[in-house]
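To keep things clear, I will list the structure first and then write my remarks on it.
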Amino acid sequence: MWIVWFKYKYIFRGGRHYQNIERDGEDFMKDLLKIIAGNISMTFAYAYLIVPNEIINGGVTSSALLLNALSGYNIALLANLVTGLLLIICLVFLGKEYFFKSIVSSLSYMVFFNFFYSLNINFDMNIVSVIIISSILIAIGYYLCITANASTVGFDVIALILHHKNEKIDIAATIRIINLIVLILGLLVYGYTSIVKGIAFTLLFSYLLKKMLDRKQKAVKSAGESVLDETSKFKEVK
């Protein structure tokens, strides 16, 4: 009897272990799909709205432009150096999973941005509509990447690290602060008009991202409380 009990217990545990592996694999694939979808949303906005309207958003490209004005080095080279530095920081402080997914995110961004940009499609819209639509699309892109445990290989890496160190630190608010710092430093380089558009974009984009992440956090917390309630009810019945 003990042998039979041990055998079925072993099979049950083995089956549960197999199911966990299968579930982890499914979750990983879902995360990759979210990262790709997020980058499609972002690159569409960058290729057709941000770049044509010269909106400086305070990200890696904006910092590369600032460094170019100060050093004279090639903008693409500087952007790659900043990206490479952020990837190393991501690996050291956020771990291999974030690093691998961030590589996927970076490659997806390059592929889809080049694809969209090569189509030479122009949208005739006023600047207010451009800022609103691009803020929505890029906020969705950031949200999909962050909730898939990946970065966009931008300054969100810094925000994610600080949030992991202290969960009270708001990711969207930190991204907003970093972007605004880059914009203020680049005032003389970019020009007054681009900076004003960039600040408007940054404030709206970070506001939308914060709302999305807060809603996600509340949903996760609510789901966790439901599980605890079910567990306590099961113990009472037992």
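In this calculation the C-beta distance from Leu70 to Lys218 is compared with R0 = 41 Å, giving a FRET efficiency of 0.45. Averaged per residue, the stretch 70-141 has 62 square angstrom of accessible surface, using a 1.4 angstrom probe with ligands and nucleic acids left out. Taking all Cα pairs closer than 8 Å and separated by 6 or more residues, the relative contact order of the stretch 31-101 comes to 23 percent. If you roll a 1.4 Å probe over the stretch 99-222 with all protein chains in place, what percent of the accessible area is carbon or sulfur? That share works out to 67 percent. Computed over protein heavy atoms with a 1.4 Å probe, the accessible surface of the stretch 143-216 works out to 49 Å² per residue. A cut-off of 5 Å between modelled amide H atoms, ignoring neighbours fewer than 5 places along the same chain, links Phe155 with Val60. Specify the inter-centroid distance of the stretch 133-188 and the stretch 49-63, based on alpha-carbon positions, in whole Å. After rounding, the separation between the Cα centres reads 15 Å.
The values are calculated or read from the model by the stated rules, or taken from the named source; none is laboratory data. What you see is a predicted model; the values in this text were computed from it and never measured. Every residue, glycine among them, receives a Cβ derived from its backbone with ideal geometry; neighbour counts consider all protein chains shown. All accessible areas refer to the heavy atoms of the entire protein, side chains included, with ligands and DNA or RNA removed. Shrake-Rupley method; radii C 1.70, N 1.55, O 1.52, S 1.80 Å.
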